[in-house]
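Working notes, beginning with the structure itself.
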Amino acid sequence: MTATLLQGDTLASEIKTGLKKEIEQLKAKGSPPHLVAVQVGENPASRVYVRQQQKSCEEIGIEYELKELPDSTTQDELLDFIETLNQDGAVTGIILMMPLPQDIDARQVQIKISPDKDVEGMHPANMGRLVYGEMGLTPCTARAAVELLKASGVELKGKEVVIVGHSEIVGKPLALMLLASQMESPTLAVCHIATKDLSFHTKRADILFVAVGKPGLIQADMVKDGVIVIDVGINRVSVTDENGNPVLNEKGKPKKKTVGDVDFEGIKDKASFITPVPGGVGPMTTTMLLYNTVESAKKGAARR
Ligand code: NAP
């Protein structure tokens, strides 16, 4: 068996086409989506994300604004700033760029964002809704993984699903999303660092989600034939030649590539569907941020 690739790029562009139409309608109603990213201090990594977000938003007609606050901003000042954005009717979505300076409690700031403008889906109120099976503003990566699974067309009902990794942003919300339907839900196991025998669980999986951040964690002998694999992991590893020696780039530095958490080459011949890395969950995560931004703008428009 050679697995069908669940391409994030393809699904993302379909979703974005639909979002563009909704954005035009919102603009015609005088309620354009307007996403504000808040960054405190300088951070090269978050600069890269800001550029990506800005490009993705502008591509489909979402107004994107970066508010940069100095490194010296206190927690109270940041909370006040978030409150002004909450009160501003023209701002429909707020995103907090990480990391924040060390003396700021990121959780407290995240909680301050109005749940209706929480396009990252991380506010406890939005997380809590998942317990009741409500798919409102949901954490983007977990939602991306679910949407990619849906693209396989496979019914969840009665399936054995295993999630490896139980972080707040991926594994936990993902588990809740999969259990959202009373009638269609799979049977679920969630594995983590304290799981004694990981392969005991992964071998039973009809559908396997992996969100850990360890390249090669899941090998071909740990899965069964026909498994569906959604690989959330993103890892930068050195490229090696056939003798295992590092390959150098034109600057004489070790050449790097991006891989997921599963041994893609080993597993692709056993799986029925698999997400590539890069090009799987990654592009869908950004798209779910755009989706949430449009959802929050629609909610804002409905309240007016
Ligand atoms: P995280 O917060 O570090 O969580 C990793 C999870 O893996 C934790 O629950 C940890 O368990 C568990 N874990 C660690 N070692 C394990 C092992 N040997 N066996 C089983 N479970 C193990 O990471 P995250 O933010 O969820 O991200 C996970 C991966 O997804 C990373 O590679 C990240 O780069 C990637 N990611 C991708 C996207 C995307 O758009 N594709 C977005 C976000 C994140 P404990 O908590 O018990 O230690």
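Any read-out appearing in this document is the output of simple, stated calculations on the displayed coordinates, not a laboratory observation. On a predicted model such as this, the values are computed, not experimentally measured, just so you know. Methodologically, a virtual Cβ is constructed for each residue, glycine included, from the backbone with ideal geometry; neighbour enumeration extends over all protein chains shown.
Observations on the structure shown:
- Cβ-Cβ distance of LYS257 and ASP197, R₀ of 35 Å, FRET efficiency by 1/(1 + (r/R0)^6): the value works out to about 0.70.
- Normalised alpha carbon radius of gyration of the stretch 1-146 [divisor 2.2 N^0.38 Å]: 1.14
- Antiparallel bridge percentage (DSSP; both residues within the stretch 136-261; nearest 5): 30
- Charged neighbours of LYS112, selected by a Cβ distance under 11 Å, balance to -3 (K, R count +1; D, E count -1).
- Taking the number of Cβ atoms within 10 Å of each Cβ as an exposure proxy, the fewest-first ranking of SER181, SER72 is SER72, SER181.
- For LYS256, nonlocal amide neighbours, meaning residues 5 or more places apart or on other chains whose placed amide H falls under 5 Å from its own, are VAL239.
- Kirkwood hydrodynamic radius (C-alpha pairs) into Stokes-Einstein, the chain, 4 °C and 1.567 mPa s, D in µm²/s: 63
- Cα gyration tensor, the stretch 189-304 - rounded (a/c under 1.5), prolate or oblate: oblate
- In terms of its C-alpha gyration tensor, the stretch 174-234 has a prolate overall shape, because the principal axis ratio a/c (a ≥ b ≥ c, square roots of the eigenvalues) is not below 1.5 and a/b outweighs b/c.
- Residue order, fewest to most surrounding Cβ atoms within 10 angstrom, among MET98, MET122: MET98, MET122
- In whole angstrom, the stretch 54-114 maps to an equivalent ellipsoid with semi-axes of 22, 14, 10, each derived as √(5λ) from the alpha carbon gyration tensor and ordered largest first.
- For the chain, DSSP calls about 15 percent of its internal beta bridges antiparallel.
- Ascending count of other beta-carbon atoms within 10 Å, so fewest first, for SER167, SER46: SER167, SER46
- For GLY260, net neighbour charge (Lys/Arg +1, Asp/Glu -1) across residues whose Cβ lies under 15 Å away: +1
- Ordering 192-201, 240-249 by mean Cβ neighbour count within 10 Å, with the highest value first, yields 192-201, 240-249.
- Given their separation in residues at 0.36 nm each and the Cα-Cα distance between them, MET135 and ASP241 gain 33.6 nm when the chain is fully extended.
- Taken one residue at a time, the phi angles of the stretch 276-284 give Karplus couplings (6.51, -1.76, 1.60, θ = phi - 60°) of x, 10, x, x, x, 5, x, x, 6 Hz. Gly and Pro are set to x.
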